Amino acid sequence: MSAHTKDEEVRIVAATEGDVPLILRLIRGLAEYERLAHEVVATEEGLRASLFGDRAHAEVAIARLGDEAVGFALFFHNYSTFLGRRGLYLEDLFVFPAWRGRGVGRRLLTHLAALAVERGCGRFEWSVLDWNEDAIRFYRSVGAEPMSDWTIYRVTGPALTRLAQGA
């Protein structure tokens, strides 16, 4: 890690295909922090296809201080039938531990909120692990409200295959 002055501005830039190795490193860093490193099966090839292929499924914003990447946000559009408008869903937000507490996460969220407004989105939302109290405090500090009446459900692996086969 290079030395940066406290006054240097964090820049948020759209990721390019050349950033795929960095994106994978950031994903792995997030997974380690979330105690889920064993679940990462993403590859550079898969990320390249899904983020920069003919039909990109998500976008990535990278936080940089000088030339150094210090964090990222991976996001995509969802849709609200009640609002009749698309929304912005933040899948992952991660700042390297050495750069936390310097406003990097807030800059990433601000950038995505501005994108949501610019794109006419009706809302901006994400999930957070119940044990991640630092993140919960941070999200509340920017005005986010928990959706306590909702529970996320997921079907994956063999259960997904069985469901797809009508079982």
Expected sort for 11-22, 129-140 on mean C-beta neighbours within 10 Å, highest first, is 11-22, 129-140
Output for the stretch 34-98: GluC sites (Glu not before Pro) sitting in coil per DSSP, at most 13 other Cβ within 10 Å, listed by number, reads none
Apportionment of accessible area to carbon and sulfur, the chain, percent (1.4 Å): 52 percent
Accessible solvent surface per residue of the stretch 21-167, calculated while the other protein chains remain in place, 1.4 angstrom probe, Å²: 65 Å²
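Which of the trypsin sites (Lys or Arg not before Pro) found in the stretch 12-47 are loop residues per DSSP with 13 or fewer other Cβ atoms within 10 Å of their Cβ?
Here the trypsin sites (Lys or Arg not before Pro) that fit, given the DSSP loop and packing criteria, are 35.
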Would you work out if the stretch 42-99 is rounded, prolate or oblate? Take a ≥ b ≥ c from the square roots of the eigenvalues of the alpha-carbon gyration tensor; rounded if a/c is under 1.5, else prolate when a/b is larger than b/c, oblate otherwise. oblate
Cα gyration tensor of the stretch 1-134, axes a ≥ b ≥ c as square roots of the eigenvalues: rounded (a/c below 1.5), prolate (a/b > b/c) or oblate? rounded
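The values are calculated or read from the model by the stated rules, or taken from the named source; none is laboratory data. Bear in mind that the values here come from a model prediction, so they are computed numbers and not experimental data. Cβ sites come from the backbone with ideal geometry, for glycine too, and all protein chains shown count toward neighbours. When the accessible area is computed, the model is the full protein with side chains, heavy atoms only, and any ligands, DNA or RNA have been set aside. Shrake-Rupley method; radii C 1.70, N 1.55, O 1.52, S 1.80 Å.
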